[in-house]
Structures are given as structure tokens and as C-alpha cells.
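Encoded as C-alpha cells, the structure appears first; notes follow it.
What follows draws every value from the coordinates through simple rules; no lab data is involved. Bear in mind the structure is a predicted one, so any value in this text is a computation, not a measurement. Reconstructed Cβ throughout: ideal geometry from the backbone, glycine too, with neighbour counts over all protein chains shown.
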Amino acid sequence: MYSAKSDRYETMPYNRCGVSGLKLPAVSLGLWHNFGTHDNFENMEQMCLTAFDNGITHFDLANNYGPEPGSAEENFGRILNGALKPYRDELIVSTKAGYTMWPGPYGDFGSRKYLLASLDQSLKRLGIDYVDIFYHHRMDPDTPLEESMSALDTAVKSGKALYAGISNYDSKHTAKTMEILKRLNCPFVINQSRYSIFNRHIETDGLKSFAAQNGCGIIAFSPLAQGMLTDRYLEGVPADSRVKTSGVFLKSADLTEKRLAQIHALNNIALRRGQTLAQMALAWVLRDGEITSVLIGASKPEQIIENIRAAENTKFTAEELGDIDRIAMS
């Protein structure tokens, strides 16, 4: 029988999500990869238990995570209703809907029909009565924003979600979302966006500063740029890397000689800080207090333990920040 470590809350920082009462761990666990149909269940379980034992209370999913779509929710549901069942009230479980999930006109994007049907399916796969955060996964250019947000409001007021969130929304539509949900008196807490040393779009778009000034939490996904900001590519491209095994999210064209040189230069800064490149990259995302949490993925428990240590040192000197900017933006 699993028994969580008694000291699990002693080292992980917890940050308030916007102006809400909800706090998220500085480091959260994303189940985008390695929780699918063909992955090893015992390894999935050990990753989740290792995460919780080290203060990670937030587990992030979506209806289409797998492969196959839905399988990540099913696998996490087994863990949630098994070893983690006594700790449900200590956990933040989030899921999303917005990408293609089933055939026909009602299985994609942002209609009220799709979002609420998808949430019901997610709850069945997870084996729980509610999720803590329910996200609209992407902007829908063809559905009125009011309709998508009213679906989130219904999800919350029906008791099937505690908080509403959005993902991949730009600053303009985040502002409109907040206006609509405030009018509906629906507790909106967070926008999930891609953000890393190599991807600064939430800075150039103004989303990062807008969120900080207007009480919107931000949780960053792909903070390691699909593995580029790790030691994985310091000696070239491994045979089992995502570039060679799938090439879906990280393509060979991304790993140019210039990019590899940038990775080496950034690694030198990390070494001087006493961190791995991955730890420094995660710490950089958390550096100024404007990001609520950073989402990590993992393929084994040891990676989780290593990456959590990023939260131990998120302070950077002006010289370090300048050097990182010069290297990454050149």
C-alpha cells in the first residue's frame, strides 16, 4: 500500500493563481507524453507517486492526450482511484477540450455541445465527479467566445469543475475571456501557454505582462522546448530522440548547427550556476514571479526529482539574464 511522504510539502513553493484562492506548485506534472496506450503503467504510477511525494499536487491532462486519445485520462484515472485515492482532496486535476476528439461536427473546437460532452467523457475516463480546472484548449475562430465561455461557466456551476481556464489564448482574447467570465461570476484562474527561453511569444504578445497586471495565472508548457533545453542534444542527436522516432513536435530542421551551438552556450551558463540545463531553463521561466507554475513532462521518476530542483534557485543576475537573451535571441 502506498503512503505519501510526510514531508512532501516542506520544499516545494506554491504560488497563488492570479487573484484566486487557488495555489499551484511551482512545478506541475503534465501527462501530454508517456501516459498513452502503449506506455508502461507501472512507470506511469511511479512517476505520479514520485511527483506527489515531492510536493507536486497538480496533474495536467487533456481529452486528447495519449496516444490513443483519452488514454492518458484513463491511465491517470486508474492511479487516481488506486494509490492516490486517499489524497484526492490534496490534488489539483485539470483537463481540457478543444482539439479533435471524435468524428463529425461536434467533436472539435469550442461549441457548447462539444465542450460539455467532452467534459462528461473525461470525468468517466478519470473516474471522478469533478476536475479542479477545466480548460478550453484553443481559440475557436468560428464559435462566439461567449458560447465557449458559457460552457465553462456551466461546467463550474454544475459542480463538474471548480475553476475555469483557457489554453493557447493570446492577450486580446484572454482579456475578452476575463470580461465575459467576470460578468458570469465564474471563477476564472489561468491561461496555459507555451513559454521557454527559445519561445518568448507571451512576452512579445503582451500576455505575460497583462496576466500579471490583471490577476490571471499563467502556467507554462514546453518550458524545455521539446527537450532541446536539456543535456539530450549536447553530444548530437541520439538515435531514440523525438526527432528520429516521431518528428511530430520536434523536427530535425529545429536542430540546426546554430541551435546546437546555442544549447551548448546556455549549458555553460547553467554549469556556472550549479544547475543542469533543464533546471536552469525551468528556473528561468519562474524567475520573476509572473508565471504561476511550469509544466514538466517525464519518462521516468528520476527526471521528475531532477527537474523539481529547479525551484531551489530561480534568481538570476542581470549579467546571466543578458547572456541568456543574447544567446537565445541571436
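With respect to L282, determine if the residue is assigned to a helix (DSSP H, G or I), touching a strand residue (DSSP E or B) at 6+ places or on another chain (Cβ under 6 Å) and buried (at least 20 other Cβ atoms within 10 Å of the Cβ). Criteria met by L282. Here W32 fulfils each of the conditions (1) over 29 Å from R8 (Cβ atoms); (2) in a loop (DSSP other than H, G, I, E, B); (3) among the hydrophobic types (A, V, I, L, M, F, W, C) apart from (1).
Give the residues of the stretch 99-138 that are touching a residue at least 12 places away in the same chain (Cβ under 8 Å) and at positive phi, sorted by residue number. F109, G127, listed by residue number. Put simply, of S158, S193, S148 the only residue that is in contact with a His (Cβ under 7 Å, 6 or more places away or on another chain), closer than 26 Å to E74 by Cα and among the hydroxyl-bearing types (S, T, Y) is S148. Of the candidates R259, R200, the single residue that is of a type outside the set (S, T, N, Q), under 22 Å from the mean Cα position of the chain (by Cα) and farther than 20 Å from S299 by Cβ is R200. C48 meets each of the listed conditions (1) over 23 Å from P223 (Cβ atoms); (2) within 19 Å of the chain's Cα centre (by Cα); (3) not aliphatic (A, V, I, L, M); (4) not in a loop (DSSP other than H, G, I, E, B) apart from (1).
Residues are listed down the side, and each one gets a yes or a no for (1) among the charged types (D, E, K, R); (2) closer than 18 Å to I296 by Cα; (3) surrounded by fewer than 17 Cβ atoms within 10 Å (Cβ to Cβ):
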| residue | (1), (2), (3) |
| --- | --- |
| Y9 | no, no, yes |
| L22 | no, no, no |
| P25 | no, yes, no |
| L31 | no, yes, no |
| E42 | yes, no, yes |
| I56 | no, yes, no |
| A62 | no, yes, no |
| A72 | no, yes, no |
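Taking the stretch 170-201 as the range and being hydroxyl-bearing (S, T, Y), within 24 Å of M228 (Cα to Cα) and not in a strand (DSSP E or B) as the test, only Y195 passes.
The one condition from (1) among the small types (G, A, S); (2) closer than 25 Å to N191 by Cβ; (3) assigned to a loop (DSSP other than H, G, I, E, B); (4) in contact with a Ser or Thr (Cβ under 9 Å, 6 or more places away or on another chain) that G21 does not meet is (4). Of the residues making up the stretch 132-151, those that are within 20 Å of L61 (Cα to Cα), outside any loop (DSSP other than H, G, I, E, B), touching a helix residue (DSSP H, G or I) at 6+ places or on another chain (Cβ under 7 Å) and of a type in the set (A, V, I, L, M, F, W, C) are F134, M149, A151.
Scanning the stretch 81-117 for residues that are crowded, with 21+ Cβ neighbours inside 10 Å and β-branched (V, I, T) returns I92, V93, T95. Checked across the stretch 154-166, the condition of being under 22 Å from the mean Cα position of the chain (by Cα), farther than 26 Å from L84 by Cα and buried (at least 17 other Cβ atoms within 10 Å of the Cβ) holds for at least one residue. Could we say that T317 is without any contact (Cβ under 8 Å) to a residue 40 or more places away in the chain, over 22 Å from S193 (Cα atoms), of a type in the set (V, I, T) and out of contact with any Ser or Thr (no Cβ under 6 Å at 6 or more places or on another chain) here? Yes: the conditions hold for T317.
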